[in-house]
Amino acid sequence: MLAPVVEPLPPANQRVVDAAARKGVQLEIVTFAETTHTAEDAARALGARLDQIVKSLVFVSPRDDGDLDPFLVLCAGPHRVDVSRLAAVLSEPGIRRATAREARDLTGFPIGGIPPLGHQRPIRIVMDPELGRHETVWAAAGTPNTVFATTPATLRSLTNAVVATVVTDPTPAIRPLDGDQSEGLASRSIPGG
């Protein structure tokens, strides 16, 4: 069942809320008793479509000094990133998927809970245009069992994302999950909201 996170927020969630507040957006964090580590878990828990779930995937590219530059791709739940397309969009030929440790070190969040904002350092972000097909999308809020809802336009604004097709199959997935309720919670109110 959905329930708003009770104050005080855990530090990871607070960083996400604070980052949004700095841009004039108030987020409501929703927590689950169980993990929503995967896009499928999150869609099922929310009663949403898989393509309404925002996956935050971390990529890295080596710098001349041996350090790594982080990049984040926000893509619809069923999509997979085409690294060659991503490399072309970012002009980063050496880009690769980050390891779990690199992702945590560079963003400050664990895999399965990496949000699109609130990172410990600036990160260039690319957003899958397919997310724009929905009135509401759901993104991780800093831990593997918290999410927040937003509009695709607000998500883009919050993250300063470049919208570009960097997925292997840009065709939107329309396969419903068990218990699919079309646009999920877009028309439902969330307690405390």
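The values are calculated or read from the model by the stated rules, or taken from the named source; none is laboratory data. These figures come from a predicted structure and were not determined experimentally. Ideal geometry is used to build each Cβ from the backbone, glycine not excepted, and the neighbour counts take in all protein chains shown.
Listing for the model above:
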| quantity | calculated |
| --- | --- |
| Boolean, residue 26 is modelled with pLDDT of 90 or more, loosely packed, with under 15 Cβ neighbours inside 10 Å, polar (S, T, N, Q) and within 13 Å of residue 148 (Cα to Cα) | yes |
| Top-ranked residue of segment 7-66 - restricted to ones that are of a type in the set (S, T, N, Q) and not in a helix (DSSP H, G or I), ranked as farthest from residue 108 (Cα to Cα) | 26 |
| Answer from 22, 85, 96 - the residue that is without any contact (Cβ under 8 Å) to a residue 24 or more places away in the chain, out of contact with any Gly (no Cβ under 9 Å at 6 or more places or on another chain) and of a type in the set (Lys, Arg) | 22 |
| Criterion violated by residue 33 - all others in (1) farther than 15 Å from residue 123 by Cβ; (2) surrounded by 18 or more Cβ atoms within 10 Å (Cβ to Cβ); (3) more than 13 Å from the chain's Cα centre (by Cα); (4) not charged (D, E, K, R) satisfied | (2) |
| Residues of segment 153-169 classified as polar (S, T, N, Q) and within 13 Å of residue 85 (Cα to Cα), total | 2 |
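This table checks each residue for (1) β-branched (Val, Ile, Thr); (2) surrounded by fewer than 23 Cβ atoms within 10 Å (Cβ to Cβ); (3) under 21 Å from residue 27 (Cβ atoms).
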| position | (1), (2), (3) |
| --- | --- |
| 116 | no, no, yes |
| 125 | yes, yes, yes |
| 139 | no, no, yes |
| 144 | no, yes, yes |
| 152 | no, no, yes |
| 164 | no, yes, no |
